[in-house]
1. Taking residue 42, is it modelled with pLDDT under 90 and surrounded by 11 or more Cβ atoms within 10 Å (Cβ to Cβ)?
2. Is it the case that segment 39-60 has a residue that's free of Cβ contacts under 8 Å to residues at least 12 places away in the same chain and in a helix (DSSP H, G or I)?
3. Of the residues 28, 20, which is within 28 Å of residue 66 (Cβ to Cβ), at pLDDT below 90, surrounded by 10 or more Cβ atoms within 10 Å (Cβ to Cβ) and under 15 Å from the mean Cα position of the chain (by Cα)?
């Protein structure tokens, strides 16, 4: 292994460790969900819970303190959910200030 490749791998490993340390709740919640789906305690649906389309579905954890309360979304559904949430926050911000 060349020195440059070793340095690149070490930097990536350090970045991953920093990310896990700085985002501990996110990491623990996603790890708990991943283990639960792997053991069959939570079944991953084949359709999006927002738009009903089939395809690649991923879990969205709205509250990291309750990681097994998952909303299953496709990429489009995830975008709708996140964009809608951002729009609601902007609207609430305009009302408050």
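The values are calculated or read from the model by the stated rules, or taken from the named source; none is laboratory data. From a predicted model like this one, the values you see are computed outputs, not experimental measurements. So basically every Cβ, Gly included, is an ideal-geometry build from the backbone, and we count neighbours across all protein chains shown.
1. Answer is no for this residue.
2. yes
3. Only one candidate qualifies: 20.
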